[in-house]
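Here is the structure we will look at.
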Amino acid sequence: MKVYLGYPLSYTNDREFKLKDNFLQEIGVDYLSVPVEVKKKLLSLLESVDKKNFLFIGEVFYDGIDLLEFALFPLEPHSFEEVILPGYVYGKSTFLIRNLFKNSFGKKISIYYDFNFFSKESVVINIGYTKSSVSLGGELLFVLPFGEFHLVDVLGNYLFNRFLGETGISNATLRKEGVRGNVLDICRSSAARLLFGRSNRVEIPLFNYSREVPEWEVELVLTPIVGNARFGESIRSPSDFSSSLILSLYTYEELFRERLKVQEVIIIGRLRWPFVKAVSGVFPVKVRELSGKELLSLSPVNRNFKLPVRKFSQEKSVVRAPLIESQPEEFSLSALRRHFNSRNPNGVGIIEKLAKANQSRKNLISFIYEILTIMRRSSPRNTTDIAYLNSSIAALSQIEIPDELFEKVERELTDKAFNWNLPFETKLNILYFCNRFKDRLQNSKLSVFPPLMLSYIRERKLAEGEKNFIRTVAEVFFTSSGTTSS
């Protein structure tokens, strides 16, 4: 008999089950009665098989492998011939699982991984709770620190921050009333329902708050985790899923001296759609979605069991833009165009000067078109281009933008706002713009940006002044214009 051990569901030929439920059933504990931190550990059970003293519950310390042993008891594990594992369990955890079957259940088993069932022209992605694995042709394996938990977490935190912004209620008030944790839990539950398509609203009855959340808003909120990097871009660090995926491809080329030939991409797991969108932007090939159960009916086609493994950690620092000196002698659009085309940094100073000048409407419109062109043509890989980009965004916050051009400006800034590989200064400049034109942005995609920045800066080392500025913009963005929930 075969068994697939995965998240959140595992499968045999005739049943599906959750490892955490089996474990709790064996020790006689109700899942609803355990603390949140214990629930998180139970959900990451499979990813933590190699952890010592992983869980303390019922006055007992359990190693990670102990949890799996208890979870397998109801399944007659002595009858299993094959065990199929997600790629992120590759390594020490596999050794422990093999010994578990041998020593505790008296069974010698064959262990396969998800990537063993697909050709060497496949990319196999398995989405876990806090980790995911990416197998490139079954020849190189990457373990990434992104999973279902992070998507629910960032969306739930965003919904909470937006609730605060729209209602004008402060964190301090919620704490004083003893309801902050409750409200945050409601937002996280709403995030899960939104992600799994069970609802399109967030509702907090205690404050008579209800709001419809469109799909495009959810997609934008997930960009700090999913990312939107493209192959060919310079990736400084694996800050999100797509940049990690592209960095994996670069590593493959360095290691094997050839580009991976990809015929199909397989994504396994429960919450697949955000990753499908990210993968589609990297590979112009077919994407197959599997729950995990389908692996039981497949036969191994790639019997490579020894492959290099790379583990990425999520980058928590922010990328800073380099300082560039600009000393222009001529201040005109033609000079700006000439300097930018030759990537002469003196053009940056021209943008700053023209933004402060008292220009006629005709010249102002020409100036806006010019800096929009600069923003579209600026490459995140070029330090001079980044200086032009930041100066252009800053300029847009200093001028009066005619109504007929505002949508064009907004569209270009939206594209830059949710590109998380751009320097942090770019984010701050966009926040200045959001703050300046908040009344005109209430129903736009950029309205997502201020509260999302509060989620983005968590655990990141920033100057206190930067943190306070971000908090202030997020707090006043909605309430200053009288926006309320509907």
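If amide H atoms are built 1.01 Å from N in the plane of the peptide, which residues on other chains or at least 5 residues away come under 5 Å of the amide H of Ile266?
Amide H neighbours of Ile266, under 5 Å, 5+ apart: Val123, Val124, Ile125, Arg288.
Taking every pair of Cα atoms in the chain, average 1/r, invert it to obtain the Kirkwood radius, and report Rg/Rh to two decimals.
Radius of gyration relative to Kirkwood radius: 1.03.
Where in the chain lies the longest segment free of GluC sites (Glu not before Pro) that are both loop residues by DSSP (not H, G, I, E, B) and have at most 10 other Cβ atoms within 10 Å?
Looking at the chain, 60-257 is the longest stretch - no exposed GluC sites (Glu not before Pro) with at most 10 other Cβ atoms within 10 Å.
Using alpha carbon centroids, what distance separates the stretch 123-177 and the stretch 1-66, in Å?
21
Which cross-chain or sequence-distant (5 or more) residues have an amide H under 5 Å from the amide H of Ile84, H modelled 1.01 Å from N in plane?
HN-HN under 5 Å from Ile84: Val3, Tyr4, Leu5, Tyr112.
Exactly which chymotrypsin sites (Phe, Trp or Tyr not before Pro) in the stretch 316-413 are in a DSSP loop and have at most 15 other Cβ atoms within 10 Å?
Phe331
What do you get for the angle between helix 403-417 and the principal long axis of the chain? Use alpha-carbon atoms, 0 to 90 degrees, nearest ten.
40
Over the stretch 398-486, calculate the relative contact order: mean separation of alpha carbon pairs under 8 Å at least 6 apart, over the residue count, as a percent.
With pairs under 8 Å counted, the relative contact order is 29 percent.
Considering only protein heavy atoms and a 1.4 Å probe, what is the carbon-and-sulfur percentage of the accessible area of the chain?
So the carbon and sulfur contribution to the accessible surface is 47 percent.
For the stretch 17-144, what is the accessible area per residue in Å² when the probe is 1.4 Å?
That works out to 39 Å² for each residue.
Would you work out the relative contact order for the chain, in percent, from Cα pairs under 8 angstrom that are 6 or more residues apart?
The normalised contact order for the chain reaches 15 percent.
Return an integer: the convex hull volume of the alpha-carbon atoms of the stretch 120-231, in Å³ per residue.
Taking the convex hull of the Cα positions in the stretch 120-231, it is 121 Å³ per residue.
For a 19 Å ceiling on Cα separation, which of these pairs sit above it: Lys120/Lys277; Lys39/Lys131; Lys353/Lys467; Lys2/Lys293; Lys41/Lys131?
Correct reply: Lys120/Lys277; Lys353/Lys467.
If you project the alpha carbons of the stretch 334-393 onto their three principal axes, what span does each projection cover, largest first, in Å?
Principal-axis extents of the Cα atoms in the stretch 334-393, largest first: 34, 19, 17 Å.
Please report, in Å, the Rg and the Dmax of the stretch 376-465, where both are computed over Cα atoms only.
Rg, Dmax (Cα atoms, Å): 13.1, 40.
Work out from phi, with θ = phi - 60° and the Karplus expression 6.51 cos²θ - 1.76 cosθ + 1.60, the ³J(HN,Hα) of each residue of the stretch 360-368, listed in order in whole Hz, and give x for Gly and Pro.
Couplings: 5, 4, 4, 5, 5, 4, 4, 5, 5 Hz.
How tilted is helix 180-195 with respect to the longest principal axis of the chain? Cα atoms for both, answer in degrees (0 to 90, nearest 10).
So the helix axis and the longest Cα principal axis differ by about 80 degrees.
If you build the convex hull over the alpha carbons only and average its shadow over all orientations, what do you get for the stretch 209-264? Give it in nm² to one decimal.
Value for the stretch 209-264: 5.7 nm².
Give me the 1.4 Å probe accessible area per residue for the stretch 320-431, excluding ligands and nucleic acids, in Å².
With the other protein chains kept in place, the stretch 320-431 gives 47 Å² per residue.
Using helices alone, I'd like the mean residue ellipticity at 222 nm for the chain: each DSSP H run of four-plus residues gives -39500 (n - 2.57), total over residue count, nearest 500.
Per the formula, -14000 deg cm²/dmol.
I need the fraction of alpha carbon pairs in the stretch 159-295 separated by more than 17 Å, rounded to a whole percent.
The proportion of pairs with Cα distances above 17 Å equals 68 percent.
Quick one: helix 346-356 against the long Cα principal axis of the chain, what's the angle to the nearest 10°, folded into 0 to 90?
Once rounded, the angle reads 70 degrees.
The values are calculated or read from the model by the stated rules, or taken from the named source; none is laboratory data. Model, not experiment: these values are computed from the prediction. Here Cβ is always computed from backbone atoms with ideal geometry, including for glycine, and neighbour counts include all displayed protein chains. Surface accessibility is based on the protein's heavy atoms, side chains included, excluding ligands, DNA and RNA. Shrake-Rupley method; radii C 1.70, N 1.55, O 1.52, S 1.80 Å.
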